[in-house]
1. So how many residues does the stretch 43-89 have that are of a type in the set (D, E, K, R) and surrounded by 16 or more Cβ atoms within 10 Å (Cβ to Cβ)?
2. Consider residue 98 carefully, then state whether it is surrounded by fewer than 13 Cβ atoms within 10 Å (Cβ to Cβ), within 23 Å of residue 39 (Cβ to Cβ) and not charged (D, E, K, R).
3. For residue 154, are the conditions met, namely being free of Cβ contacts under 8 Å to residues at least 24 places away in the same chain and among the small types (Gly, Ala, Ser)?
4. With respect to residue 110, determine if the residue is polar (S, T, N, Q), at pLDDT 95 or above and not in a helix (DSSP H, G or I).
5. Give me the pairs: first residue in the stretch 161-182 and closer than 16 Å to residue 41 by Cβ and in contact (Cβ under 8 Å) with a residue 40 or more places away in the chain, second residue assigned to a helix (DSSP H, G or I) and among the acidic types (Asp, Glu), beta-carbon distance under 9 Å, and six or more apart or on different chains, which are they?
6. Mind listing just one residue for me: the one in the stretch 41-60 that is in a helix (DSSP H, G or I) and of a type outside the set (S, T, N, Q) and, of those, farthest from residue 165 (Cα to Cα)?
7. Being among the charged types (D, E, K, R), assigned to a helix (DSSP H, G or I) and in contact with a Ser or Thr (Cβ under 6 Å, 6 or more places away or on another chain), is that true of even one residue in the stretch 66-87?
8. Given the options 85, 148, name the one that is closer than 19 Å to residue 21 by Cβ and either of a type outside the set (S, T, N, Q) or touching a Phe, Trp or Tyr at 6+ places or on another chain (Cβ under 8 Å) (or both).
Amino acid sequence: MTEDLPDSPPHPYAASKLAAEFAVQAQARAGALSATILRFMNIAGGDDRDPTRLIPRTIAAAQGRGTLEINGDGSAMRDYLHVSDAARAILASVEDPPPRGESVRYVVGSGCGTSIAEVVAAVERRTGRPVPVRHGPTAPEPPELVSDPTRIMAELGWRPACSDIDTIVSDSWRHARATTEP
């Protein structure tokens with residue numbers, strides 16, 4: 001995924017995010033402000049208790065709190081970004097904004113695809129516990145969503161430093177243990 005992909009949101013949530021981007025860009029064009037739009041990939045690695053997200057669900061299953069339901073065979077690839085790398089991208093964008101009246105958009109991710117099966121394996125490695133899995137039908141989603149962070153790297157000097165899946169899972173596991181285990 002790059003900044004140059006056509007704007008064609010596949011569902012209402014994505015359309016609402018795009019509408020917000022358009023509003024910000026319009027304000028910038030009117031000269032009211034400068035704007036940097038950051039399109040983050042899947043942020044993880046911190047205290048995340050959202051039961052809809054893969055890594056918290058996988059860790060919960062490793063802790064014995066249910067079975068991980070996976071759509072399809074686990075081969076779907078996603079780009080995971082450590083929360084610390086996301087914070088550094090925000091800082092880089094604040095430190096080097098575009099001129100007043102202009103806006104810029106960056107896709108922010110690790111640039112590496114990780115399959116659902118690889119996330120499960122990383123959780124098992126890092127926790128030392130098995131993850132019970134149940135496979136369901138394949139969901140109507142793209143098989144691969146991976147960023148190309150070349151632009152933010154070139155223009156702001158930002159680079160992902162800790163977005164490998166093992167670091168993300170280790171940090172997520174540390175937070176989960178602190179909040180869910182005695």
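The values are calculated or read from the model by the stated rules, or taken from the named source; none is laboratory data. Keep in mind that what you see is a predicted model, and the values were worked out from it rather than measured. All Cβ positions, glycine included, derive from the backbone under ideal geometry; neighbour counts span all protein chains shown.
1. From the stretch 43-89, those of a type in the set (D, E, K, R) are 47-50, 53, 57, 65, 69, 73, 78-79, 85, 88; that's our starting set.
Of the ones still in play, those that are also surrounded by 16 or more Cβ atoms within 10 Å (Cβ to Cβ) are 48, 57, 78-79, 85, 88.
Total meeting the criteria: 6.
2. Working: surrounded by fewer than 13 Cβ atoms within 10 Å (Cβ to Cβ): no; within 23 Å of residue 39 (Cβ to Cβ): yes; not charged (D, E, K, R): yes.
No.
3. Values: free of Cβ contacts under 8 Å to residues at least 24 places away in the same chain: yes; among the small types (Gly, Ala, Ser): yes.
Spelling it out, residue 154 is indeed free of Cβ contacts under 8 Å to residues at least 24 places away in the same chain and among the small types (Gly, Ala, Ser).
4. yes
5. Pairs that qualify, where the first residue is closer than 16 Å to residue 41 by Cβ and in contact (Cβ under 8 Å) with a residue 40 or more places away in the chain and the partner is assigned to a helix (DSSP H, G or I) and among the acidic types (Asp, Glu), are 161/85; 162/85; 162/171; 163/85; 165/118.
6. Filtering first and then ranking leaves 60.
7. Step one: filter the stretch 66-87 for residues among the charged types (D, E, K, R), giving 69, 73, 78-79, 85.
Those left that are additionally assigned to a helix (DSSP H, G or I): 85.
Next, from what is left, pick out any that are in contact with a Ser or Thr (Cβ under 6 Å, 6 or more places away or on another chain): 85.
Among the residues of the stretch 66-87, at least one is among the charged types (D, E, K, R), assigned to a helix (DSSP H, G or I) and in contact with a Ser or Thr (Cβ under 6 Å, 6 or more places away or on another chain), which makes the answer yes.
8. After applying the criteria, what remains is 148.
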